[in-house]
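Take a look at the structure set out below.
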Amino acid sequence: MTHGRGGIQACYELGNGWYISIARHKLTYGREKGLYEIAIFSASGEQVYFPSWSNDSKAMLNELAVEEEIHKVESEFKAKL
């Protein structure tokens, strides 16, 4: 999925329809530095708050930081799904 020229987005499945959106496009923070923004969505498509983030998404992430956040989310949410 893309969001305009140069935009990219991927979805990482968590199970039961829940997923993490990983994006870099004209509406994400950090895009001008080549960084990513991630957010969690439920099976119904609603954005889900993750307690260790200070916002409803986490931005300004390089590829390694994206992987680290995915592991944190998996650890927290997999037990609940």
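The values are calculated or read from the model by the stated rules, or taken from the named source; none is laboratory data. Note that the structure is predicted; figures quoted are calculated from it, not measured. Glycine also receives a Cβ, built like all others from the backbone with ideal geometry; neighbour counts cover every protein chain displayed.
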Just a yes or no: is a residue in segment 23-38 surrounded by fewer than 13 Cβ atoms within 10 Å (Cβ to Cβ), without any contact (Cβ under 8 Å) to a residue 12 or more places away in the chain and not small (Gly, Ala, Ser)?
yes
Pick from segment 12-22 the residues that are surrounded by fewer than 21 Cβ atoms within 10 Å (Cβ to Cβ) and in contact (Cβ under 8 Å) with a residue 12 or more places away in the chain: which of them is nearest to LYS58 (Cα to Cα)?
SER21
Is it true that some residue in segment 56-71 is in contact with a Gly (Cβ under 8 Å, 6 or more places away or on another chain) and either of a type in the set (Gly, Ala, Ser) or part of a helix (DSSP H, G or I) (or both)?
yes
Counted residues in segment 25-36 being touching a helix residue (DSSP H, G or I) at 6+ places or on another chain (Cβ under 8 Å) and either modelled with pLDDT of 95 or more or within 13 Å of ILE70 (Cα to Cα) (or both) come to 1
Counting only residues in segment 30-68 that are in contact with a Ser or Thr (Cβ under 7 Å, 6 or more places away or on another chain) and of a type in the set (Val, Ile, Thr), the one farthest from ILE8 (Cα to Cα) is identified as VAL48
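Going by the conditions given, is ASN62 at pLDDT 95 or above, surrounded by fewer than 14 Cβ atoms within 10 Å (Cβ to Cβ) and in contact with a Leu (Cβ under 9 Å, 6 or more places away or on another chain)?
So ASN62 fits the description; yes.
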Just one of the numbered conditions (1) modelled with pLDDT of 95 or more; (2) closer than 18 Å to VAL73 by Cα; (3) over 10 Å from the mean Cα position of the chain (by Cα) is not true of TRP18; which one?
(1)
